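Step one of this worksheet: look at the structure below.
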């Protein structure tokens, strides 16, 4: 099962410069464990020591924020697209 | 409608149906979209509401007296709204803006007499906030209203936008707005949740090009102080391609000439509408048209193909 994961510029040092990597897992948590096995160090930039998503990291599954889906337990399936982005201040508002 | 002054005419904007874009405008289980036309405010954006409330609140607290300097980090609309309010109330305004915001916004601000301090493009709005905070520390007699953390921003929507929408659309099931300072969503969302059982409050967050996120350190990220995730039921990230496509669709099919951030909001609203159709649920979905398209013509979003527009928006703060 392949899930496409978009990595922001700031974290590409963990993916050998790759912008998009592939991983697998039935949940976001499992996907991050899978990515960690090939891209060591990535997981701890996204997850705090107590096991939650880092406050300034947003993760989207098919463009929807996982905090409103089930956070790390969000279900994933083949062909899903996961995007990781740093939190930024709003624009023209 | 007659008003004593321009400031008295803020708000009470029209809510218009979208008979062509609504997936099921009629029938026994209608799924309808409704646009709240905030470009009808005096300076042409939803930000007039927050600007007026924040200044009025600061006046009530005795922070402002004629001649005082008001300071604000903004990439556009809030600055323009504050410039108008400050002009009419007799305050000097300094806006901190990322240098890569559109020329229309700079010219408008300058015309209103505001002074602009440019912050580095690479730092985006985060950096504008940081620069404004530094300026505030260096100039203790200046008043920073700080839209990202000022409760009067959300209160404006709790007391005006929310009640207006509910009065016009008592059958509302969804409210969709853009996520920037989060004031519109927090204020309107709270009001609707208190008054409409089961209402869904949906955020559309702009996803910029990579240049905007740049090499920002994740530990220095920014979440507005006003933001409370428990007010929302879902949050969508919308990229420039979809935003541009929907912005154009809104003009072509419904005649509404909106800014690009509105395209992102419409994209999220249509996504929810399609889910309702699929589930056989009737829905009345209200969304915010933040402003008109005029200020963004120079971005390139309104000419050429979608691909060309998307390329033109790379590196720009389009919402």
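No lab work stands behind these numbers, since they all come straight from the coordinates. Everything quoted here is computed from the prediction, not taken from an experiment. Note: ideal-geometry Cβ built from the backbone for every residue, glycine included; neighbour counts use all protein chains shown.
The table that follows gives values for the structure above.
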item: Average projection area in nm² (convex hull over Cα atoms of the range B:47-144, one quarter of hull surface); result: 5.5
item: Label-reachable residues, the range B:304-319, where backbone N falls under 20 Å from a point 7 Å from residue B:298's Cα toward its Cβ; result: B:304, B:309-319
item: Rounded to 10°, Cα long-axis angle of helix B:124-138 versus longest principal axis of chain B; result: 30
item: Length-normalised contact order of the range A:3-86 in % [C-alpha pairs under 8 Å, at least 6 apart]; result: 37
item: For the range A:3-86, the spread of Cα positions along each principal axis, largest first, Å; result: 29, 28, 21
item: Part-to-part distance (alpha-carbon centres) for the range A:34-75 and the range B:135-176, which is given in Å; result: 30
item: Where labels lie 7 Å past Cα in the beta-carbon direction, separation of residue B:308 and residue B:60 in nm; result: 5.0
item: Cα-projected label distance for residue B:107 with residue B:5, points at 7 Å along beta-carbon direction, nm; result: 2.9
item: Cα-based helix-to-principal-axis angle, B:260-279 vs chain B, degrees rounded to 10; result: 30
item: Prolate/oblate/rounded label for the range B:186-299 (Cα gyration tensor, a/c 1.5); result: oblate
item: Residue A:19-residue B:92 pseudo-label distance in nm [points 7 Å out on the Cα-to-Cβ vector]; result: 4.6
item: Segment residue B:168-residue B:29, length gained on full extension (0.36 nm per residue, minus Cα span); result: 48.1 nm
item: Sorted by Cβ neighbour density within 10 Å, fewest at the top, the residues A:9, B:160; result: A:9, B:160
item: DSSP beta bridge pairing in the protein assembly as shown, given as percent antiparallel to the nearest 5; result: 35
item: Helix-only [θ]222 nm of chain A, DSSP H runs n ≥ 4, -39500 (n - 2.57) each, per residue, nearest 500; result: -4500 deg cm²/dmol
item: Relative contact order for chain B, counting Cα pairs under 8 Å that sit 6 or more residues apart, in percent; result: 21
item: Crossing angle, helix B:183-195 versus chain B [Cα axis fit, 0-90 degrees, rounded to tens]; result: 50
item: Neighbour-count order for A:80, A:65, fewest beta carbons within 10 angstrom listed first; result: A:80, A:65
item: Cα-derived Rg to Rh of the protein assembly as shown, Kirkwood definition; result: 0.96
item: Prolate/oblate/rounded label for chain B (Cα gyration tensor, a/c 1.5); result: prolate
item: Footprinting exposure proxy for B:3, B:287, B:257, B:175 (fewest neighbouring C-beta atoms within 10 Å first); result: B:3, B:257, B:287, B:175
item: Average beta carbon contacts from partner chains per residue of A:79-88, 10 Å cutoff; result: 5
item: Per-residue [θ]222 nm for chain B (sum of -39500 (n - 2.57) over DSSP H runs n ≥ 4, rounded to 500); result: -12000 deg cm²/dmol
item: Relative contact order, percent, the range B:47-144 [alpha-carbon distance under 8 Å, six or more residues apart]; result: 30
